[in-house]
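What follows is a short report on a single structure.
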Amino acid sequence: MHELAIAQSVVDAVAERLPDARITCVALEVGKLSGIAPDALRFCFELVASDTGLAGAALEISEPAGLARCETCRTEFALDSLILLCRCGSADVHVVSGDQLLINSVRVA
Amino acid sequence: MVSPADAVAGAGHTHDHGPAPGHAPDNDHAHGGRSPHDNDHAHHDGNPHVHAHEQDGHIVLLEQRVLAKNDLQAQRNRAWLSERRICVVNLMSAPGSGKTTLLERTIRELGTRLGLSVIEGDQETLLDAERIRATGCQVVQINTGAGCHLDAEMMERGLRELDPAAGSLVIVENVGNLVCPALFDLGETYRVVVTAVTEGADKPLKYPQMFRGADLVVLNKADLLPYLDVEAAHFAANVSLVNPGADMVTVSATRGDGMTAWYDRLAALVPGS
């Protein structure tokens, strides 16, 4: 599953920025529209982090909700899925938030 | 990069909530307009402070996109390809939609005209590469092992090994998977999603991320439509729902129906073809 690649990317990114650090916690932002399942990510993270400076680190995952903006009527509205249709009938809609996949911060021991 | 000292001492405030690391809120640093945290915790008004029950250690702000490394390699791939006027088509689908058959016919009928070469992605075996090689087309196989998608780094290795000619067209047949490949930019020029009619008309609704990212959707195995309770128009309507801008063609790779429309799209990618 791709959460494995995502978890590996998280571990690699942190290890590259802080090569000698022991990490006790990682704060991630996994948008509700990002296509990543947080539970699967936790599972994979535990596997890939072992034998690295992130072994045993806690994962704090915030899941920002989907938010879209309609370019026709200029309103913003909540989005549950990637079906981009505004109530005004326009499909000229783009995602403002909810598809992000970010490493916000880490706690270093 | 924010140093650990800044994050703890004073450029805003850090706060802990339970076992989680805190992070400085608001805009004392650039983060592309998005808040780095969602607001399900209380902000204390006023003064910067560190909670009394502060855990050991210190916070380091990273604010890095998880896919930054892949995206950077994808951009490098894109630049390399652009310099050589090479177009790359990323061909994605569920397993068994007929991608390889579509490719075989395309190479037979169009290969020399567009200078086609192929990168094959599969978990295991060289079977697809062998089918392509049998057409006389240049091909490289990437085996991902446990991996479920190609990524930009694999793409770079594949391109190096394939060494496509300037001004040519490369088709990448991604690992059969409607979920994961959508997330990984390879540096491609054009994204194609192939769906067989046997998969049902509601596929685009069930896999919106994949279909949303498509430039072109190919509905394949159209020769089977008379035997199925599926309508091409219904499928097309669902594609439009998740991706209003998507182009679509309906083909039968085995019989040859509708293939001209597919060939026209490929030819349009290669100037002077």
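The values are calculated or read from the model by the stated rules, or taken from the named source; none is laboratory data. Predicted model, so just to flag it, every value in this text is computed and none were measured. Because the Cβ atoms are built from the backbone with ideal geometry, glycine has one as well, and the counts that use them run over all protein chains shown.
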- [ ] Check every one of the strands (runs of 3 or more DSSP E) wholly within region B:64-157 and list those with 2 or more residues that are at pLDDT below 95 and crowded, with 20+ Cβ neighbours inside 10 Å.
- [x] B:116-122, B:138-143
Open item on the list: Is it the case, given these coordinates, that B:VAL242 is modelled with pLDDT under 95, aliphatic (A, V, I, L, M) and out of contact with any Phe, Trp or Tyr (no Cβ under 9 Å at 6 or more places or on another chain)?
Closed with: no
TODO: Any chance you could count how many residues in region B:161-187 are out of contact with any strand residue (DSSP E or B) (no Cβ under 7 Å at 6 or more places or on another chain) and surrounded by fewer than 20 Cβ atoms within 10 Å (Cβ to Cβ)?
DONE: 5
- [ ] List the helices (runs of 4 or more DSSP H) that sit entirely inside region B:159-273 and contain at least 3 residues that are outside the structural domain of B:GLY121 (by TED's automatic domain parsing) and on the phi > 0 side of the Ramachandran plot.
- [x] none
- [ ] Starting from residues that are without any contact (Cβ under 8 Å) to a residue 40 or more places away in the chain and charged (D, E, K, R), keep the ones in region B:218-239 and report whichever is farthest from B:TYR207 (Cα to Cα).
- [x] B:ASP223
Open item on the list: Just to be sure before I move on: is A:ALA109 among the aliphatic types (A, V, I, L, M), within 7 Å of another protein chain (Cβ to nearest Cβ) and farther than 18 Å from B:LEU205 by Cα in the structure I sent?
Closed with: yes
TODO: Check off (1) over 17 Å from the mean Cα position of the chain (by Cα); (2) facing another protein chain (nearest Cβ under 10 Å); (3) modelled with pLDDT of 95 or more for A:ALA55 and give me the number that stays unchecked.
DONE: (2)
TODO: Say whether the condition of being charged (D, E, K, R), touching a Cys at 6+ places or on another chain (Cβ under 8 Å) and at the interface with another protein chain (Cβ under 9 Å from one of its Cβ atoms) is met by at least one residue in region A:61-81.
DONE: no
Open item on the list: Can you tell me how many residues within region A:18-30 are modelled with pLDDT of 95 or more and either touching a Ser or Thr at 6+ places or on another chain (Cβ under 7 Å) or more than 12 Å from every other protein chain (Cβ to nearest Cβ) (or both)?
Closed with: 2
Task: Residue among B:VAL179, B:VAL230 that is at pLDDT below 95, within 19 Å of B:ASN70 (Cα to Cα) and β-branched (Val, Ile, Thr) - done: B:VAL179
- [ ] For region A:3-16, state whether one or more residues are free of Cβ contacts under 8 Å to residues at least 24 places away in the same chain and away from chain B (no Cβ under 11 Å).
- [x] no
Open item on the list: With the structure loaded, tell me whether B:GLU199 is of a type in the set (D, E, K, R), farther than 24 Å from B:ILE132 by Cα and away from chain A (no Cβ under 14 Å) or whether it fails that test.
Closed with: yes
- [ ] Evaluate the following for A:ARG42: is it modelled with pLDDT of 95 or more and more than 11 Å from chain B (Cβ to nearest Cβ)?
- [x] yes
